[in-house]
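See below for the structure under consideration.
The values are calculated or read from the model by the stated rules, or taken from the named source; none is laboratory data. Quick caveat, the model's predicted, so the values are computed rather than measured. Using ideal geometry, Cβ is built from the backbone for each residue, glycine included, and neighbour counts are taken over all protein chains shown.
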Amino acid sequence: MVAALAGCSDETPFAPATATPEKQFIFQGVRVDERRGDGLAWQATAERTDGDIANADATGVKIRHFPEGANAGRVVDITAPRGQLAFDDQKATLEDVRIVSQADQAVVTSPIAHYDGKAEKVTLDGPLALTAPGLTATAPRGEVFLGDGHMDIDGPVVGRYDDRARP
């Protein structure tokens, strides 16, 4: 068998067409979980990533954050069509981001967002738009604090509040 294979061709059958740099990868369908104790802190998925062990460009990014303690169960979903992921630092820069808090029925969108998994926050470079039952607002920038579920908005803030529309 070895003699037969050796005589067939000089080419290695599984060699890539171009050399891949050390620690470089291209993945289709990636999922990364971060656990704290017995629970899941966050889960990130991407349709495609292209990069190295430390950093990657990604498409179809989805991050699901699971708060602990008093805010357990207040899951926050963060989605973006494109982003740059820094795995070791638990950070990401996301484009055209959409953040959804299911418990509050709130949605925030922004052209650029900086996710920090260690700090449990997302910094939004606006203009951002916020919608929730009875509330619509826009602002130049803001921060979403994933751990306790609140948001700080830097003004000027323009919006409309209607208490009658709240559930």
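Picking from 92, 70, which residue would you name as being among the small types (Gly, Ala, Ser), closer than 20 Å to residue 36 by Cα and modelled with pLDDT of 90 or more? Steps first, please.
Values: 70 fails: modelled with pLDDT of 90 or more.
Within the list 92, 70, the selection yields 92.
Criterion first (touching a Lys or Arg at 6+ places or on another chain (Cβ under 6 Å) and surrounded by 14 or more Cβ atoms within 10 Å (Cβ to Cβ)) does residue 95 satisfy it?
Numbers: touching a Lys or Arg at 6+ places or on another chain (Cβ under 6 Å): yes; surrounded by 14 or more Cβ atoms within 10 Å (Cβ to Cβ): yes.
So residue 95 fits the description; yes.
Quick one: which residue in 144, 107 is surrounded by 14 or more Cβ atoms within 10 Å (Cβ to Cβ), modelled with pLDDT of 90 or more and either farther than 29 Å from residue 57 by Cβ or touching an Asp or Glu at 6+ places or on another chain (Cβ under 9 Å) (or both)? Quick ask: steps written out before the conclusion?
Working: 107 fails: either farther than 29 Å from residue 57 by Cβ or touching an Asp or Glu at 6+ places or on another chain (Cβ under 9 Å) (or both).
Exactly one residue qualifies, and that residue is 144.
Is one or more of the residues making up the range 75-84 within 27 Å of residue 161 (Cα to Cα), buried (at least 16 other Cβ atoms within 10 Å of the Cβ), in contact (Cβ under 8 Å) with a residue 60 or more places away in the chain and not aromatic (Phe, Trp, Tyr)?
yes
Any chance you could count how many residues in the range 34-89 are closer than 25 Å to residue 148 by Cβ and either among the basic types (Lys, Arg) or in contact with a Cys (Cβ under 7 Å, 6 or more places away or on another chain) (or both)?
5
Inside the range 110-141, can you point out the residues that are surrounded by fewer than 17 Cβ atoms within 10 Å (Cβ to Cβ), small (Gly, Ala, Ser) and at pLDDT 95 or above?
129 - this is the single residue of the range 110-141 that is surrounded by fewer than 17 Cβ atoms within 10 Å (Cβ to Cβ), small (Gly, Ala, Ser) and at pLDDT 95 or above.
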